[in-house]
1. Grab the helices (runs of 4 or more DSSP H) fully contained in the stretch 30-110, keeping just those with 3 or more residues being at pLDDT 95 or above and closer than 30 Å to GLY201 by Cα.
2. THR37: under 26 Å from GLY130 (Cβ atoms), in contact with an Asp or Glu (Cβ under 8 Å, 6 or more places away or on another chain), open to solvent by less than 30 Å² (accessible area, probe 1.4 Å) and of a type outside the set (Gly, Ala, Ser), yes or no?
3. Please work out if ILE205 is among the hydrophobic types (A, V, I, L, M, F, W, C), under 25 Å from TYR285 (Cβ atoms) and within 16 Å of the ligand (Cβ to nearest atom).
4. Just to be sure, is TRP27 of a type in the set (Phe, Trp, Tyr), buried (at least 18 other Cβ atoms within 10 Å of the Cβ), in contact (Cβ under 8 Å) with a residue 40 or more places away in the chain and within 16 Å of the ligand (Cβ to nearest atom)?
5. Would you pick out the residues in the stretch 59-85 that are touching a strand residue (DSSP E or B) at 6+ places or on another chain (Cβ under 7 Å) and either among the β-branched types (Val, Ile, Thr) or more than 16 Å from the ligand (Cβ to nearest atom) (or both)?
Amino acid sequence: VSGLPQPATGGMARPSGTAGNLEVLDWAGFKAAVSWTFDDSQPSQIAHYAELEAVGVPMTFYISTGNSTESGYDATWSQAIADGHEIGDHTVHHCKSDLTGCSFGTPLSALTDEIDQASSYIAQHYPAQGTAWTAASPFGDTGYDTPDQTRFLVNRGVPGGMIGTGAGDNTNPFNLPIHLAAQGETAAMFNAASDTAHAGGKWLIFLVHSITPTTATWYNPVAITDVTAAMSYDKSLTDVWTDTVVAIAAYWRAEKLFATLTPASSGGSTTWTWTLPAHFPPGKYLRVKVDGGTLTQGGGGAALPWDDHGYYEVALDPGTLTLSP
Ligand SMILES: [Zn+2]
């Protein structure tokens with residue numbers, strides 16, 4: 001129903017105990033999560049797109065629309081969306097937040113124009129996606145964090161680190177941390193980072209710039225064979241959720257929202273109600289489990305079906321969930 005990937009382990013019986021103890025599963029029921037992000041809409045990413053796509057892992061490309069005259073630009077990003085990948089906002093001219101040091105031409109007159117016109121380009125040229133749900137700050141400049149709060153679900157920065165769940169995690173959704181691919185970094189080094197995320201139950205976001213072989217080495221080049229080997233390694237970890245930033249961020253933010261709710265009790269039933277934050281993509285779900293009882297959404301709604309991978313899938317758009325004996 002949700003479109004979320006299924007964990008490998010199935011055959012779990014529907015809990016038949018007392019209605020109660022609702023728990024949201026971290027990372028959609030996986031142990032950890034990984035996203036692969038590629039910045040700047042670089043020529044080497046366009047040149048190697050087919051090899052990246054062939055791995056079969058959803059990716060996020062943060063594009064700067066000031067370099068849209070590059071060969072293959074619109075065709076590649078349109079195809080990426082058709083293939084299930086995400087296109088995110090990396091501004092028009094890739095400037096620092098004071099509008100100096102621009103990578104692609106002359107800046108617009110306002111920082112917000114740099115952000116908004118890139119989103120408009122994405123909406124107009126790639127209608128199959130339309131909205132740019134997430135952004136990445138050029139140069140990791142934290143001056144983008146505040147304007148992005150009123151425009152996007154999350155903003156990816158460049159601080160080193162990984163993202164957790166629960167009360168112990170205080171990651172800023174508008175400066176998400178990364179593992180930056182260093183020049184010449186090998187698959188073994190990427191895989192070690194994935195192993196750390198896997199063991200710790202964290203969300204790891206890789207950031208890749210130039211991909212070799214290429215004649216357009218812009219920044220921190222890494223070999224296509226190392227990138228695809230590392231992506232394949234993540235795919236092979238069946239209890240790791242590897243997906244786009246928007247997919248994992250929506251789950252992560254919704255789980256945090258759910259943790260803040262105080263349910264109402266009435267006639268033996270318990271009801272949670274919520275309002276999604278602005279710029280939250282439609283059609284998203286959380287996975288929950290309970291000790292027993294029946295879950296419904298909305299008045300008179302049908303009982304949510306148990307999935308034998310160990311959860312019920314709760315649609316976020318209705319804004320309500322009821323647990324009854
Ligand atoms: Zn960049």
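The values are calculated or read from the model by the stated rules, or taken from the named source; none is laboratory data. Source: prediction; values computed, not measured. All Cβ positions, glycine included, derive from the backbone under ideal geometry; neighbour counts span all protein chains shown. The area values use the complete protein model at the heavy-atom level, side chains included, leaving out ligands, DNA and RNA. Shrake-Rupley method; radii C 1.70, N 1.55, O 1.52, S 1.80 Å.
1. The helices (runs of 4 or more DSSP H) meeting that bar are 49-55.
2. Considered against the rule, which asks whether it is under 26 Å from GLY130 (Cβ atoms), in contact with an Asp or Glu (Cβ under 8 Å, 6 or more places away or on another chain), open to solvent by less than 30 Å² (accessible area, probe 1.4 Å) and of a type outside the set (Gly, Ala, Ser), THR37 comes out as no.
3. Spelling it out, ILE205 is indeed among the hydrophobic types (A, V, I, L, M, F, W, C), under 25 Å from TYR285 (Cβ atoms) and within 16 Å of the ligand (Cβ to nearest atom).
4. Taking the combined requirement at face value, the residue does not satisfy it.
5. Answer for the stretch 59-85, where residues must be touching a strand residue (DSSP E or B) at 6+ places or on another chain (Cβ under 7 Å) and either among the β-branched types (Val, Ile, Thr) or more than 16 Å from the ligand (Cβ to nearest atom) (or both): THR60, ILE63, ALA80, ILE81, HIS85.
For every residue, the table says whether it meets (1) over 23 Å from ALA50 (Cβ atoms); (2) charged (D, E, K, R).
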| residue | (1), (2) |
| --- | --- |
| MET189 | yes, no |
| ALA199 | yes, no |
| SER210 | no, no |
| PRO213 | no, no |
| ALA216 | no, no |
| ASN220 | no, no |
| SER236 | no, no |
| ASP243 | no, yes |
